[in-house]
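First up is the structure itself, then whatever we jot down about it.
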């Protein structure tokens, strides 16, 4: 009875691993297409953000698949390999996350500077109009 449960758990883990890897591939393909669209037809800068987000999400799916894979790993050599893969993917995910965070912060800062410039110009225009009205009075 215990062997049947163990076999079922391992089979479910294998199926879950395949599903998570398939989801990761799907996310990567979708993100690649979306990034290319934004790069080609909208803004070259935003394509990188969309691709980075997709890669980050893909790595998270692959990390989850690796965690499930550890359930079926029995040899120490295989466990060491899986631990190395998890560490590498976690480091890549962190690096991409930090890079995206800094890119988004730079874009927000740039947008804020543009907004302030527009406000400054509108204020100058309003002051000039007020001066013109005073001259005509």
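The values are calculated or read from the model by the stated rules, or taken from the named source; none is laboratory data. In this text the structure is predicted, and so the values were computed from the model without any measurement. Because the Cβ atoms are built from the backbone with ideal geometry, glycine has one as well, and the counts that use them run over all protein chains shown.
When residue 103 is tested against (1) without any contact (Cβ under 8 Å) to a residue 12 or more places away in the chain; (2) more than 23 Å from residue 24 (Cα to Cα); (3) within 32 Å of the chain's Cα centre (by Cα), exactly one condition is not met: (1).
Determine, yes or no, whether residue 85 is assigned to a helix (DSSP H, G or I) and modelled with pLDDT under 85.
Yes, satisfied.
Only one residue in 93, 70 is touching a residue at least 12 places away in the same chain (Cβ under 8 Å), touching a helix residue (DSSP H, G or I) at 6+ places or on another chain (Cβ under 6 Å) and either over 23 Å from residue 52 (Cα atoms) or part of a loop (DSSP other than H, G, I, E, B) (or both). Which one? One residue alone meets the criteria, 70. Taken over the range 1-17, the criterion of being without any contact (Cβ under 8 Å) to a residue 12 or more places away in the chain and either closer than 23 Å to residue 90 by Cβ or not in a helix (DSSP H, G or I) (or both) is satisfied by 1 alone. Looking at 116, 104, 77, just one residue is touching a helix residue (DSSP H, G or I) at 6+ places or on another chain (Cβ under 8 Å), surrounded by fewer than 15 Cβ atoms within 10 Å (Cβ to Cβ) and either on the phi > 0 side of the Ramachandran plot or in a helix (DSSP H, G or I) (or both), and that residue is 104.
Considering every residue within the range 54-65, establish whether at least one is over 21 Å from residue 23 (Cα atoms) and touching a helix residue (DSSP H, G or I) at 6+ places or on another chain (Cβ under 7 Å). Show your work before the answer.
Taking the range 54-65 as the starting set, the residues that turn out to be over 21 Å from residue 23 (Cα atoms) are none.
No.
The residues on offer are 40, 35, and the sole one that is under 30 Å from residue 111 (Cβ atoms), assigned to a helix (DSSP H, G or I) and free of Cβ contacts under 8 Å to residues at least 12 places away in the same chain is 40.
What do you reckon, is residue 133 in a helix (DSSP H, G or I) and surrounded by 10 or more Cβ atoms within 10 Å (Cβ to Cβ)? No, not satisfied.
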